[in-house]
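Notes to accompany the following structure.
The values are calculated or read from the model by the stated rules, or taken from the named source; none is laboratory data. Keep in mind that this is a model prediction, so the values were computed, not measured. A quick note on method: Cβ atoms are made from the backbone with ideal geometry, for glycine too, and the neighbour counts reach across all protein chains shown. Each accessible area value is taken on the protein alone, full model and side chains, heavy atoms only, with ligands, DNA and RNA left out. Shrake-Rupley method; radii C 1.70, N 1.55, O 1.52, S 1.80 Å.
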Amino acid sequence: MRLPPSSSTSPRPRWIYDVFLNFHGEDTRKSFTDHLYIALEKKGIITFKDDEKLERGKYISQELLKAIRESMYAIPIISKNYASSRWCLTELAQIVECMRDMGLIVLPVFYHVDPSDVRNQIGAFAKAFARHEEDPNIDMEKMQTWRVALKEVGNISGWHFHLRILQGLSHNFSTLSKDLVGIESHVEEMMNILGISLDDVRFIGIHGMGGVGKTTLAEVIYDRISYQFEASSFIACIREETKNRGLVSLQKQLLSKIFMEREINIWDDHEGMNMIRNRLRNKKVFLVFDDVDKEQHLIALAGNHDWFGPGSRIILTCRDSHLLKRNGVKDIYKVNELNNDEALQLFSLPLALKVLGSSLFGRGTNAWKSAWDQLKAISNKGILDILQVGFDGLEDLQKKLFLDIACFSTGEVFDSILMDILESFGYYPYLNVDILMEKCLITILSKRLRMHDLLQKMGKEIIYDESPEEPGRRSRLWHCKDVLHVLKNNTGTEVTEGIVLNLPNQKDQERFSVKAFSKMKKLRILKIRNISINVNSFSNLHDKLLNLHYRHNNPLNSIPTHGLRVLEWFEYPSKSLSNSFQADNLIELRFQCSHLKQLWMGISSLKRFDLSGSQNLLETPDLTGVPNLETLDLEGCTSLSKVHKSTGVLKRLRRLNLHACKSLKSFPNEISLESLENFYLSDCSKFEKFPNIVGNMTSLRLLYLDSTAIKELPLSFKSLCGLSIFSLHNCKKLSIFPSVICSLSSLKILDVSDCLALGGIQDMNGKGYLEQLYIGGIAIRFTNFFAVPEFCSNVCSTREMFLAKDDSIAAFHIGYDNRVYYIRRLNEESNLQTKGYDVKNNCFNSKVTCRSFLGAKIPECFNIRSFGSHLTLQIHPNLNDNMSKLKGYLHWTIYEVDEIENSNPKIFKGSHPDPQFVEFVYHFETNEGPLKEPLVLRAPGDPSIGPFMFSVFVRAEWFLEQSNNLDGWSYIGASVKASSSNVKVKEIGAGLVCQHPQSEFYNNFIPYGLKSELAHHLSCSLESGSRVVIPVRF
């Protein structure tokens, strides 16, 4: 229904009533009007309905006329005998007068009458007016105002019956705030999933942790779109209501709300199921079932798609995504936490606002910040009790797993070794981690295990309640004060299973006896750290805080190690680790920045061994007794000169990191590491000879030999057929390009930059598909260009650049960081023409061009901006009639990429980027509807730098392909979405370009074409080996 336009000519007074009901009492008071009035009141819509007990005279009271003027909406319910009432007609005339003069909105209901009968006053309406004409007390002038009022209201599009009026009014009288922080992006995504214009029956799940805002989102959507359906119902708090009242009561509630029937007789849930199916299967309904937590809820209330009519939508809010999937719900939307900007406006859970909001109403920003600080420091029982509902529904093993993650593992890299550790605890993690994720108790973000702050706090509160007075009787200890209390006072017990000690940097050194550990017979996890120290700095940390007072040379002698699975001791103080150290079940051992010089190692279960930063270590131990080792990290062991030969035959080793082992000379002559994937020997300045490769090492993907003394590579090197990233950066003794590199069929990235003695690069002979080449600092003469994938490959979806060189044409991809990423030779002009290349002007005639920048500021000349992902650009009237002036549309996107776990050592981060690309999808719409095709482009996605600014120029020709005529456009709406969840669009801006291509504006912001001198400059830059090239994209 469309609301009638108002032609307000005088200021409207402040209204007191939302709705004024105008009706014929005998026709509808006991039926439709009564139901409508009750429903409006339940919705919180203030409604005026005259009292039937009031004695009516011949003339309408001034009180009623005043009520009409003080109402925002008027609903005339026009029924068969409506025109026989002078009272109804006089009210209607007043309603029409207020509609004209004061902007009153009129929503007529035609109750069992045809609107044309009302307009033309025929049928029952003609008979009523004939009787009025015979009444000597009614003058003709008044009767004419009645006729005009009926005709005008009859011309207003209204409801022929009664069901949709309530939904329509509910939409206009939204009971939910339109300013809910962060809600709009969720609503937009949900609307895409709902697809309400389609006729299929669709079940949609809203999934998320307790308190994250599932119900709020469902309420907002229900509030906005329920009026578009024949019937709707929102059943709240199903989990609690089922416990208190049972399923039958909810079935009755559902049917009563939809059919406006007070008494629904259902004897049991099976009868209720049949009744719901039989009565709703031909109706287009919109239903929301909130807080579903059992399969019986779904079976009893929404058993199958065929229960509902075409176009129906059923939303289910649930904490358990597996429950939804198990019952055939294919469309599931996960509600994540608010982003940082939104969280400053609202606490990180909508639940926190509900619990604390009343005490903060009317208070300033500082009070809100203090409340949040208090929430972090002191638990709010209301919040934690609601969150604990999800925890209480877990099985015992799942509860223990949740508590371990809350206390020890949040933020840990989620890899196979962590899963092995959890498996060793008997947690069956390959099943139960999934269950915790499905119940939104944990998440995996950027390859790390994550848990919401409030859920983590809830878990720690559960541990605290084990023994509020004495920390030594708790199963898990993580708070420095509690750990020190136990160690100083020797109050440890066998209850304790895990300890994390993060020592603060204090002037007064703590002294305690390691003997306090001796009572902890069930100890599984022990981590001793100093959080104020940067582990990777590798400076001498001997004088830092950790000052343990122990009687034996080895502090581990007093610690029960049999049950240990994880042992981490930063700056471990002993110089040796003897064979008396028994930890038969240990999986992870970290002695970063230790004082160890030598050690014995024979732990068959060990999978991760980290001695990085141990500057006194002279040689690695014999690892024959550690056959299951997967990760060996010796980064920054600057005194290490020898690697034991047993290291070269570890069959399960996947990561070997010897970066910055500056004294390393002796390495096994042969290696057979069949599982090795990442191998770092960079900055080992004395390392001269790469070992011979025996056996199968096809798993190796990444090899760094930067800044080594390598002179050549062995012939067996060519067997590394899986190697894709290889760096020889700054290998100053490398004088001849190793021919074995030409045999590496999987090689994608090669860095030979700053190899000053290297005289050239050998022809690759068309083998392989090299995508990135670093050549800075080398006087290179290309004999042929490397073969690369065709344009629009998985590297980059946009064609880049061509230039003339020695009467031939070559293609260069210039990256956002000013480096050459791949090269392709094109010998025939025809090849260029088939790719849309304009030989005459030396540029592509691409209809869509893009360009990337480092930075986060949209040029100030673009005043159409949005801090979301959607904006609308109005088209100036001067262009409206002649869109031929339009050259194109320019769109800016500011975005950031969240950090993703990288296998490279930190020292390489940013030095040798492995550029990732993020995909953006642009949707456009105009006043004539959405365009035919979206626009899909790729942009830089390296998380180590940024934020990025990505500009896209869409020529008018592209729009013409999408729409036959542009002249009718009054606006262009654009929305941009990233294909990956770790990409955050911060701001967008847009503008229309109408200037001549040679204008300063065009040259500054549009990569319109390449001049010949630019091509010459680039050619010269590449000949001299410069990395400083002009990053123009096509």
Practice prompt. Say whether the condition of being modelled with pLDDT under 80, open to solvent by 40 Å² or more (accessible area, probe 1.4 Å) and over 14 Å from Pro108 (Cβ atoms) is met by at least one residue in the stretch 67-89.
Written response: no
Fill in: Criterion violated by Glu41 - all others in (1) modelled with pLDDT of 85 or more; (2) outside any loop (DSSP other than H, G, I, E, B); (3) surrounded by fewer than 20 Cβ atoms within 10 Å (Cβ to Cβ) satisfied
(1)
Worksheet entry | Cross-chain or 6+ apart pairs with Cβ under 8 Å, the stretch 407-418 first and touching a residue at least 12 places away in the same chain (Cβ under 8 Å) and under 12 Å from Lys447 (Cβ atoms), then open to solvent by less than 50 Å² (accessible area, probe 1.4 Å) and in a helix (DSSP H, G or I) | Glu412/Leu418; Leu418/Ser409
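Could you pull out the residue among Gly602, Gly563, Gly625 that is in contact with an Asp or Glu (Cβ under 9 Å, 6 or more places away or on another chain), open to solvent by less than 40 Å² (accessible area, probe 1.4 Å), more than 24 Å from Val495 (Cα to Cα) and of a type in the set (Gly, Ala, Ser)?
Gly602 is the lone residue from the list that is in contact with an Asp or Glu (Cβ under 9 Å, 6 or more places away or on another chain), open to solvent by less than 40 Å² (accessible area, probe 1.4 Å), more than 24 Å from Val495 (Cα to Cα) and of a type in the set (Gly, Ala, Ser).
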Worksheet item: Do we find a residue being buried (at least 18 other Cβ atoms within 10 Å of the Cβ), at pLDDT below 75 and not basic (Lys, Arg) anywhere in the stretch 188-204?
Response: no
Worksheet, complete the sentence: Going through the stretch 933-947 in order, the residues found to be crowded, with 16+ Cβ neighbours inside 10 Å and modelled with pLDDT of 75 or more are Leu935, Leu937
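Might you let me know whether the stretch 608-615 holds any residue that is within 28 Å of Glu423 (Cβ to Cβ), open to solvent by less than 50 Å² (accessible area, probe 1.4 Å), part of a loop (DSSP other than H, G, I, E, B) and free of Cβ contacts under 8 Å to residues at least 24 places away in the same chain?
First, pick out the residues of the stretch 608-615 that are within 28 Å of Glu423 (Cβ to Cβ): 608-612.
Now restrict to residues that are open to solvent by less than 50 Å² (accessible area, probe 1.4 Å): 608-612.
Next, from what is left, pick out any that are part of a loop (DSSP other than H, G, I, E, B): 611-612.
When the remaining residues are screened for being free of Cβ contacts under 8 Å to residues at least 24 places away in the same chain, the result is none.
No, the stretch 608-615 has no match at all.
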Worksheet item: Given the residues Ser174, Ser157, which is the only one that is at pLDDT below 80 and more than 36 Å from the chain's Cα centre (by Cα)?
Response: Ser157
Discussion item. I'm told Gly364 meets every condition in (1) open to solvent by 70 Å² or more (accessible area, probe 1.4 Å); (2) at pLDDT below 75 except one. Can you identify the failing condition by its number?
Written reply: (1)
Fill in: In the stretch 634-677, the residues that are open to solvent by 20 Å² or more (accessible area, probe 1.4 Å) and either of a type in the set (Gly, Ala, Ser) or in contact (Cβ under 8 Å) with a residue 60 or more places away in the chain (or both)
Thr638, Ser639, Ser641, Arg655, Ser663, Ser666, Ser675, Glu677
Practice prompt. Can you tell me which residue within the stretch 725-756, out of those that are of a type in the set (Ser, Thr, Tyr) and open to solvent by less than 30 Å² (accessible area, probe 1.4 Å), is farthest from Met697 (Cα to Cα)?
Written response: Ser753
Discussion item. Within the stretch 432-440, does at least one residue satisfy the condition of being basic (Lys, Arg), modelled with pLDDT of 90 or more and open to solvent by 10 Å² or more (accessible area, probe 1.4 Å)?
Written reply: no
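Glu63 - would you say it is at pLDDT 90 or above and closer than 19 Å to Thr47 by Cα?
no
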Worksheet item: Going through the stretch 701-722 one residue at a time, which ones are buried (at least 18 other Cβ atoms within 10 Å of the Cβ) and either touching a strand residue (DSSP E or B) at 6+ places or on another chain (Cβ under 6 Å) or not in a loop (DSSP other than H, G, I, E, B) (or both)?
Response: Leu702, Leu703, Tyr704, Asp706, Phe717, Lys718, Ser719
Discussion item. Based on this model, can you work out whether Leu548 counts as at pLDDT below 90 and among the aliphatic types (A, V, I, L, M)?
Written reply: yes
Worksheet item: Since Thr443 meets every condition but one in (1) over 31 Å from the mean Cα position of the chain (by Cα); (2) open to solvent by 30 Å² or more (accessible area, probe 1.4 Å); (3) β-branched (Val, Ile, Thr), which condition does it not meet?
Response: (1)
Worksheet item: Residues in the stretch 220-275 that are open to solvent by less than 50 Å² (accessible area, probe 1.4 Å), of a type in the set (Ser, Thr, Tyr) and within 36 Å of the chain's Cα centre (by Cα): how many?
Response: 5
Item to complete: Please find, among Glu899, Glu925, the residue that is part of a loop (DSSP other than H, G, I, E, B), open to solvent by 20 Å² or more (accessible area, probe 1.4 Å) and either modelled with pLDDT of 80 or more or within 26 Å of Leu702 (Cα to Cα) (or both).
Response: Glu899
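Look through Ser663, Ser639 and report the one residue that is among the polar types (S, T, N, Q), part of a loop (DSSP other than H, G, I, E, B), more than 35 Å from the chain's Cα centre (by Cα) and under 28 Å from Ser753 (Cβ atoms). Show your work before the answer.
Values: Ser639 fails: under 28 Å from Ser753 (Cβ atoms).
Answer to the check: Ser663.
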Worksheet item: Ala343 is checked against (1) modelled with pLDDT of 70 or more; (2) in a helix (DSSP H, G or I); (3) out of contact with any helix residue (DSSP H, G or I) (no Cβ under 8 Å at 6 or more places or on another chain) and fails just one. What number does that condition carry?
Response: (1)
Worksheet item: If only one of Val285, Val329 is aliphatic (A, V, I, L, M), modelled with pLDDT of 85 or more and under 25 Å from the mean Cα position of the chain (by Cα), which one is it?
Response: Val329
